[in-house]
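All remarks here apply to the structure that follows.
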Amino acid sequence: MNDPAAATGVRIHPTAIVESGVVIGPRTAIWDGVHVRAGARIGRDCIVGEKTYVAYDVRIGDLVKINACVYVCAGVEIEDGVMVAAHTVFTNDRFPRATDPDLGGLLTSAPTDATLTTRVRRGATIGANCTIGPGIELGEFCMVGMGSVVTADVPAHALVLGNPARLAGLVCRCGEPVARAVAGTVPCGTHRCACGRSVEWSGSA
Ligand SMILES: CC(C)(COP(=O)(O)OP(=O)(O)OC[C@H]1O[C@@H](n2cnc3c(N)ncnc32)[C@H](O)[C@@H]1OP(=O)(O)O)[C@@H](O)C(=O)NCCC(=O)NCCS
Ligand SMILES: [Zn+2]
């Protein structure tokens, strides 16, 4: 699509920069000062909050809520129903340098062989002001507490907190906690939520 705003009900604030080749699904809102780089794809019914940056070729699913000032670097894939709170930063390079001595010049911010893929699975929540390490998978419906630094994969439904983020419990799909970790572990088995759903935990953390 050459004109992302042509999709039904898409709202793009006049101060947002949406580069060529970007695809934006119906009813998605792009707020003020957002920058979406070439080739990014954003699904339907999403909100991209003010001053957020979405890098080249990033994939964002449907019903995704991204708050203000989020940095979504190249290599990030965000599935449906994910929430990313304000000032969260993704990373994609484990040992970064500004320049490549073999090339003798500045690298661009476009993806390179060193770019690691980070996947945020369906329904996950990332709290405000988190840093997500490179090459990480955040499992379905997991929750990352505000201010956390995530350095390892997060299992589905896990609640993780701190720097480095550690298992603190389990959360239901509805967002309510269903178990608290004791000494960093949660008992294996079925953990029931007041909403009627349950979380199966196999102890992987
Ligand atoms: C992680 C979170 C869900 C935990 O909520 P909770 O289960 O009600 O936690 P509590 O407030 O009962 O705190 C439990 C313990 O964890 C600690 N804790 C809570 N959140 C923490 C965080 N983000 N990082 C580190 N420790 C945290 C508390 O200090 C407390 O420690 P203590 O037992 O030693 O006193 C919540 O604190 C959080 O971060 N929510 C996300 C908020 C956010 O970013 N919203 C974005 C949209 S505005
Ligand atoms: Zn529930």
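The numbers here are math on the coordinates, done by the rules we state, and not lab data. Computed from a predicted structure; not experimentally measured. Cβ atoms come from the backbone with ideal geometry, glycine included; neighbour counts cover every protein chain shown.
Counting beta carbons within 10 Å around each of THR99, THR151 and listing the fewest first gives the order THR99, THR151.
Positive end of the dipole of the range 54-205 (Cβ unit charges, origin at the Cα centre): among VAL82, SER198, VAL120, the Cα lying farthest that way belongs to SER198.
For VAL149, put the label point 7 Å out on the Cα→Cβ axis and report which residues of the range 55-83 keep their amide N under 20 Å from it. Within reach of a label on VAL149, which here means backbone N under 20 Å from a point 7 Å along Cα→Cβ, the range 55-83 contributes 70-73. Neighbour counting of Cβ atoms within 10 Å sorts the residues PHE141, PHE95, fewest neighbours leading, into PHE95, PHE141. A Förster distance of 41 Å, applied to the separation of the beta-carbon atoms of VAL23 and ALA98, puts the FRET efficiency at 0.85.
Computed from point charges on the beta carbon alone (+1 for Lys and Arg, -1 for Asp and Glu), the dipole magnitude for the range 3-64 about its Cα centre is near 80 Debye. With both residues required to sit in the chain, DSSP beta bridges show an antiparallel share near 25%.
By the count of other C-beta atoms within 10 Å, a proxy for reagent exposure, LYS51, LYS65 are ordered fewest to most as LYS65, LYS51. Would you mind classifying the range 106-205 by shape? Square roots of the alpha carbon gyration tensor eigenvalues, ordered a ≥ b ≥ c; an a/c under 1.5 is rounded, otherwise it is prolate if a/b is larger than b/c and oblate if not. Judged from the Cα gyration tensor, the range 106-205 comes out prolate (a/c at least 1.5, a/b above b/c). Calculated on C-alpha atoms, the gyration radius of the range 144-189 divided by its Kirkwood radius gives an Rg/Rh of 0.94.
The Stokes-Einstein estimate for the chain, based on a Kirkwood radius over Cα pairs and taken at 4 °C with 1.567 mPa s viscosity, is a diffusion coefficient of 73 µm²/s.
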